[in-house]
Amino acid sequence: MLERLLLPEKHAIAILLKDHDTVKELFDKFEKAKSGNEKEHIIQSALTELKIHAALEEEIFYPTVRAHVGSDLMNEADEEHHVARVLIAELDRGRHGDDHRFAKFTVLSESVRHHIKEEEDEMLPKAKDVKVDFKALGERMLQRKTELHERGVPPDAEHAMVAAAGGQADTPARAARRRRSPLGAKGARRQQSAKTLQRRRPKRNSR
Ligand SMILES: [Fe+2]
Ligand SMILES: [Fe+2]
């Protein structure tokens with residue numbers, strides 16, 4: 001277990017733990033949110049937080065602790081990041097009003113909660129014994145975090161993969177739409193776009 005309260009604020013592990021708490025709070029808020037707009041707002045904040053957190057870990061923290069923590073745990077973490085990145089890329093490409101959007105975000109949040117638990121229960125307790133200046137590492141992470149907030153995150157392979165599939169890579173969602181709609185998949189997509197357009201169109205003043 002991690003003695004999180006004993007870590008100094010700029011310790012690299014304390015920074016990761018704080019990020020974890022931030023995204024878990026956003027997931028809790030999403031579950032409690034009543035309106036679609038509120039949920040969408042939370043999705044946007046969570047996606048930004050997750051992308052920046054993943055970049056900090058992949059660029060700085062994971063390479064520093066990988067050899068000490070061992071390839072079993074680290075490879076699993078890499079794969080969990082990959083799965084999360086695919087869902088994030090689909091959510092970035094998707095639109096407010098897509099019928100599977102909130103379900104997709106819920107699955108992302110469940111998967112990230114699982115990943116956070118593994119990091120906090122297994123990876124980080126091992127990583128804290130690495131012979132490295134964790135405060136200096138934390139400073140580097142905070143500096144990179146500021147850069148990522150200002151300039152945006154670098155493009156990833158998962159966004160390219162989802163873009164290459166032209167939004168057609170979600171087989172179960174497509175099949176469900178096809179089965180539901182008497183018009184078939186194309187018709188279901190057209191209906192979906194029409195609904196989204198309707199939602200976006202400003203309401204006319206009835207006076
Ligand atoms: Fe991670
Ligand atoms: Fe993490």
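The figures follow:
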| read-out | value |
| --- | --- |
| Projected area, mean over directions - the chain, Cα convex hull, nm² | 14.9 |
| Long pairs among LYS24/LYS135; LYS18/LYS135; LYS10/LYS131, criterion Cα-Cα beyond 20 Å | LYS24/LYS135 |
| Relative contact order (%) - the chain, alpha-carbon pairs under 8 angstrom, separation at least six | 30 |
| Percent of Cα-Cα distances greater than 18 Å, calculated over segment 33-149 | 56 |
| Along principal axes, Cα extents of segment 1-59, largest first, whole Å | 39, 25, 17 |
| Kirkwood hydrodynamic radius of segment 83-171, Cα pairs, Å | 15.7 |
| Size of electric dipole in the chain: Cβ of Lys, Arg +1 and of Asp, Glu -1, about Cα centre, debye, nearest 20 | 2200 |
| Label-point gap, in nm, between SER71 and THR22 - each point 7 angstrom along Cα→Cβ | 3.4 |
| Extended-chain gain in nm, criterion 0.36 nm per residue less alpha-carbon gap, ARG151 and SER111 | 11.7 nm |
| Computed helical MRE - 222 nm, the chain, DSSP H runs ≥ 4 contributing -39500 (n - 2.57), nearest 500 | -23500 deg cm²/dmol |
| D_trans [Stokes-Einstein, Kirkwood Rh over alpha-carbon pairs] for segment 27-76, 20 °C, 1.002 mPa s, µm² s⁻¹ | 166 |
| Residue-span extension gain [ALA165 to ARG179] - 0.36 nm each, minus C-alpha spacing | 2.9 nm |
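The numbers here are math on the coordinates, done by the rules we state, and not lab data. Here the structure is a predicted model, which is why all the values come from computation and not from measurement. With ideal geometry, Cβ positions are generated from the backbone for all residues, glycine too; neighbour counts draw on all protein chains shown.
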